[in-house]
Amino acid sequence: MSGRIASLIQHIREAVPFRPIPAAITTVVLVVLLALPVPEGLTPNGWDMLAIFLTTIVAIILKVMPIGVMALMAMTVMTISKVTSPTSKGAVSDALSSFSNPLIWLIVISILISLGLKKTGLGRRLGMLFIAALGKRTIGIGYGLTLCEFLLSPVMPSNTARGGGVMHPIMKSIANAFGSDPAKGTEKKVGTYLALVNYHANPITSAMFITATAPNPLVQSFVTKATGGKIDLSWMDWATAMLVPGLIALLVMPLVIYLVSPPELKHTPDAVTFAKSELKQMGPVTHREGIMLATFGLLLLLWANVPAMIFGSAWTMDATAVALVGLFVLLITGTIDWQDVLGEKSAWDTLIWFGALVMMAEELNKLGVIAWFSNLVQGGIASSGMSWGMAATVLVLVFTLTHYIFASTTAHISAMMMALLTVGAALIPAEYVGFYMLMMVAASSLMMTLTHYATGTSPIIFGSGYVSMERWWAVGLLMCLVELAVFAVAGGLWWKVLGYW
């Protein structure tokens, strides 16, 4: 009998695909949250939805199973419990709603487009060009990626297209050229460092120009409303205000990441010679590389809305529509084929887990959870008697750190920013309101640093496997605080010169 029991236990250990202890902890978290009384101001469904969301985050952090499976778990629990709809059909529709979200498909299509860079060899060629120019030290390559991100940011209103669709394939090509590949277990050689730099340049540049990320015009309108028109940031006003702190943050970021997540390969004295030799062996650009390069250029022109600038707003194209055009061009020219698309597991994995997180964030907003939390913060600060400086700090940090429960900057900004701007405008002396408003403007982009689902760019880079989730979250929180400090100090001094306070 004891032998059979031991055999059964062994079978369970080998057959069960989840980690039992983390699974048990996750289950306890869900049961405890559901057993707690519903907080005043929330509906029972709203509280249940929050419990499901938080449990999902715990399951992902503890790695109970692959992140896609945990996303499916959340969707299944939602549909069975019917927290978003009284009918099963309605609950299923809600659970699947985000899969029609253009942002989700922009991410997926950007990953598929990047296949062309690898298959044609253009990505490797670009990587070798980077190494030939900056490859003596890994940190130099990091600064090269940062410079490219900065140069693209004023004319690319999709931070996902910029950081994930354009910069990330180049970064991967450089990493692969050094033999740094997650599939081979060599990601820490240079890839982890370069992937982190690739990502963390993206939130900083998004904060620097009103055209650098989609929600910025919404932020601009909220600031105008909250200040009664006293601060109305034009494109040039925004760029001028954010330029100095943004450039300092871009200079600091690769160095900080180099210190906290150093590459194993730091000095590459032979890399320049090697890269030049590889470029010589590659010979001239092939026809397929030319098609990929032309498609790349077309995407940049369309993502930058150049036709709309020339011919008028009727020529404006959505970023996802542009990505579809690019993918279709690559398919019909044979640059990539349909089997390549079907075989790109990371794209379809991202579709499931990121889509589920975006959907849950949207449902939390619909059920009033976000508004409830915002009102809670407002009431707490107003009744605490804290100084205006501390109140401003708390408001900025609350706004920034609550991005842990959002998978979309647009949803976060739409749900919370106006309320917190209004509270700040009421509590902070008039002469310092400008400083607070500009800090909130910066925070609306810098909060993207925090998680692997914080914005469309993050799941693309995280999904490539170069950075573990633990490292992503740890470096993300550190960089968020460092960049907020840079904007508070350097930005504060610069905004004083500009007359904002």
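In the stretch 278-289, how many residues are open to solvent by less than 50 Å² (accessible area, probe 1.4 Å) and either in a helix (DSSP H, G or I) or within 22 Å of Leu115 (Cβ to Cβ) (or both)? So the count comes out to 3.
Quick check on my filter: what residues within the stretch 235-277 are outside any helix (DSSP H, G or I) and hydrophobic (A, V, I, L, M, F, W, C)? Within the stretch 235-277, Leu265 is the sole residue that qualifies. The residue pairs whose first member lies in the stretch 219-245 and is surrounded by 19 or more Cβ atoms within 10 Å (Cβ to Cβ), whose second member is modelled with pLDDT under 85 and hydroxyl-bearing (Ser, Thr, Tyr), and whose beta carbons are closer than 6 Å, counting only pairs six or more residues apart or on different chains, are Ala226/Thr422. May I ask you to verify whether Ala294 is of a type in the set (Gly, Ala, Ser), under 30 Å from Met418 (Cβ atoms) and not in a loop (DSSP other than H, G, I, E, B)? In short, no.
Evaluating Val377 against the criteria (1) surrounded by fewer than 20 Cβ atoms within 10 Å (Cβ to Cβ); (2) in contact with a Gly (Cβ under 8 Å, 6 or more places away or on another chain) leaves one unmet condition, (2). Entry remark, the stretch 78-104: residues being more than 13 Å from Met359 (Cβ to Cβ), open to solvent by 50 Å² or more (accessible area, probe 1.4 Å), assigned to a helix (DSSP H, G or I) and not hydroxyl-bearing (Ser, Thr, Tyr) number 3 in total.
All of (1) free of Cβ contacts under 8 Å to residues at least 40 places away in the same chain; (2) not in a helix (DSSP H, G or I) hold for Met65 with one exception: (1).
Looking only at residues in the stretch 186-218 that are farther than 30 Å from Gly424 by Cα and outside any helix (DSSP H, G or I), which one is least open to solvent (accessible area, probe 1.4 Å)? Show your work before the answer.
Taking the stretch 186-218 first, the residues farther than 30 Å from Gly424 by Cα are 186-199.
In the following step, the residues that additionally are outside any helix (DSSP H, G or I) were identified as 186-190.
Values: Thr186: 44, Glu187: 42, Lys188: 99, Lys189: 70, Val190: 1 Å².
Ranking the candidates gives Val190 first.
Select from the stretch 119-144 the residues that are of a type outside the set (A, V, I, L, M, F, W, C), over 21 Å from Leu247 (Cα atoms) and assigned to a helix (DSSP H, G or I) and list them in ascending order.
Lys119, Thr120, Gly123, Arg124, Arg125, Gly127 - these are the residues of the stretch 119-144 that are of a type outside the set (A, V, I, L, M, F, W, C), over 21 Å from Leu247 (Cα atoms) and assigned to a helix (DSSP H, G or I).
Tallying residues that are touching a Ser or Thr at 6+ places or on another chain (Cβ under 6 Å) and within 23 Å of Asp318 (Cβ to Cβ) within the stretch 112-138 yields 1.
Could you check the stretch 269-299 and list, in sequence order, the residues that are within 30 Å of the chain's Cα centre (by Cα) and in contact (Cβ under 8 Å) with a residue 40 or more places away in the chain? Passing the criteria: Glu289, Ile291, Met292, Leu293, Thr295, Phe296, Leu299.
Residues that are outside any helix (DSSP H, G or I) and within 14 Å of the chain's Cα centre (by Cα) within the stretch 153-185 comprise just one, Ser158.
Can you name the helices (runs of 4 or more DSSP H) wholly within the stretch 386-501 that have at least 2 residues being more than 23 Å from Met167 (Cα to Cα) and under 20 Å from the mean Cα position of the chain (by Cα)? Even if it seems obvious, please write down each step before you answer.
Values: elements: 388-401, 409-412, 418-427, 433-446, 457-463, 469-486, 492-498.
Because the criterion is at least 2 residues that are more than 23 Å from Met167 (Cα to Cα) and under 20 Å from the mean Cα position of the chain (by Cα), the helices (runs of 4 or more DSSP H) in the stretch 386-501 that meet it are 388-401, 409-412, 433-446, 469-486.
Taking the criterion of being hydrophobic (A, V, I, L, M, F, W, C) and open to solvent by less than 40 Å² (accessible area, probe 1.4 Å), the residues of the stretch 483-501 that qualify are Leu484, Val486, Phe487, Ala488, Ala490, Trp495.
The values are calculated or read from the model by the stated rules, or taken from the named source; none is laboratory data. Note that the structure is predicted; figures quoted are calculated from it, not measured. A quick note on method: Cβ atoms are made from the backbone with ideal geometry, for glycine too, and the neighbour counts reach across all protein chains shown. Heavy atoms of the whole protein, side chains included, go into the accessibility calculation; ligands, DNA and RNA do not. Shrake-Rupley method; radii C 1.70, N 1.55, O 1.52, S 1.80 Å.
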